Structure formats: C-alpha cells, structure tokens
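Structure first, commentary second.
No value in this document is a laboratory result; all are computed from the given coordinates. Nothing here was measured: the structure is a model prediction, and the numbers come from that model. Reconstructed Cβ throughout: ideal geometry from the backbone, glycine too, with neighbour counts over all protein chains shown.
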C-alpha cells in the first residue's frame with residue numbers, strides 16, 4: 001500500500017509543478033504584455049467637455065510618472081489582455097466596453113515582477129508611487 005501511495009504522491013507533485021502544461025495555449029485572442037509598461041486604450045475623445053479634459057490631464061500626469069520610472073507606453077489592440085509575469089504566472093483580463101470618460105482612459109501599470117495595477121484616475125499619484133517601489 002505504501003509504494004502505491006508514494007507513486008501517487010510523486011505523480012501528483014510532478015503534475016502540479018509542471019509549468020510547461022500551459023505553453024501550448026493559443027494567445028492569439030489576447031494582447032500579450034510581457035515587458036515593464038503601462039497599458040492604455042486607444043480611445044478617441046468623443047466630446048471636448050470639462051470632464052474629458054480633466055480625465056485626459058490626469059491620464060497624462062500618471063503616464064509621465066510611469067515613463068520617468070522606465071515604463072513604456074503600450075496601446076491595446078484588443079479588449080482581452082494577457083500579462084506574463086517573470087515567474088511564469090499569467091494574468092488574463094477582459095476589459096469591458098467603456099461607459100464613460102474614466103473607463104475609456106483606463107491605465108493599467110504592469111511590472112513583470114508584480115501583478116498588474118489598475119490606476120484609479122480619480123485618486124492622486126500615491127497609488128502609482130507605491131506600486132513602483
């Protein structure tokens with residue numbers, strides 16, 4: 001009985017630690033991000049009202065902070081994102097259709113050593129500086 005249990009345990013550990021099992025996944029439906037970057041939607045402002053101007057100003061401010069710390073701009077081409085971290089883990093995100101100026105100008109910061117961060121444009125830059133640390 002012990003040899004059967006030992007073989008079963010070893011097989012379970014082997015299959016649970018086998019990280020190459022997801023290597024054959026088709027990522028063509030996703031916009032794949034692997035480098036230190038910030039992700040923006042390619043949103044064109046519908047109107048030039050005061051709210052849109054505020055949102056765009058906040059977006060530019062956050063983008064400048066990220067670029068100063070080595071993040072590159074990445075415009076999404078699809079609403080499905082796949083972030084590949086340095087340790088082999090993957091984070092998949094499906095972006096919903098934007099309903100307002102805040103959602104159409106979403107920024108997602110990504111460092112391969114960390115998980116992605118949705119930057120709340122309604123808050124100050126403290127969230128970005130904490131993520132960069």
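Here is how the numbers come out for the structure above:
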quantity: Relative exposure of 28, 37, judged by other C-beta atoms within 10 Å (fewest first); calculated: 28, 37
quantity: Efficiency of FRET from Cβ geometry, residue 89 and residue 57, R₀ 41 Å, rounded to 0.05; calculated: 0.75
quantity: Length gained when the stretch residue 118-residue 67 is fully extended (0.36 nm per residue, less Cα-Cα span); calculated: 16.8 nm
quantity: Kirkwood Rh, angstrom, the range 27-132 [1 / mean 1/r, Cα pairs]; calculated: 14.2
